[in-house]
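All remarks here apply to the structure that follows.
Coordinate-derived values only; no laboratory data. Here the structure is a predicted model, which is why all the values come from computation and not from measurement. Counting neighbours? That spans all protein chains shown, and the Cβs are built from the backbone with ideal geometry, glycine included.
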Amino acid sequence: MKPNSRANKNNGSESNEFVVEKIIGKRFVRGHPQVLVKWVGFPICESTWEPMVNMGNCMRLLADFEAQLFERANARQE
C-alpha cells in the first residue's frame, strides 16, 4: 500500500498539486538536499528532482526512504 502523499509541483505561475508515489533517489546540489520523486500517473522517466524543503507533506515517504538508505549503508559495512 502506497501512501497518497501530496506535494506542490509548480511550473511557472501554475500551482498544481500532484500525488507522490514514491521517492527513488537523493542528491545534494550546492549543499541542499533534493529527492527524486516518482509521481502517481506519470511514467518513471518523468520523475523530477525536488528540493527536500518542498516535500513537507511527504514526511512519511521521506522517513521511509531515509530508513532504506540507512539499511543499505549498514548492509555494505557488514
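Structure data summary
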{"item": "Karplus 3J(HN,Hα) series, Hz, for the range 41-49 with 6.51 cos²θ - 1.76 cosθ + 1.60 (x for Gly, Pro)", "result": "x, 10, x, 4, 5, 9, 5, 10, 7"}
{"item": "Karplus-derived 3J(HN,Hα), 6.51/-1.76/1.60, for each residue of the range 68-78, Hz, glycine and proline x", "result": "5, 4, 4, 4, 5, 5, 5, 5, 5, 6, 7"}
{"item": "Pairwise label distance in nanometres, Q68 with C45, each label 7 Å out on the Cα-Cβ vector", "result": "2.2 nm"}
{"item": "Table column - 3J(HN,Hα) (Hz), the range 19-32, Karplus curve with 6.51, -1.76, 1.60, x for Gly and Pro", "result": "9, 7, 7, 6, 9, 10, x, 8, 8, 10, 10, 6, x, 10"}
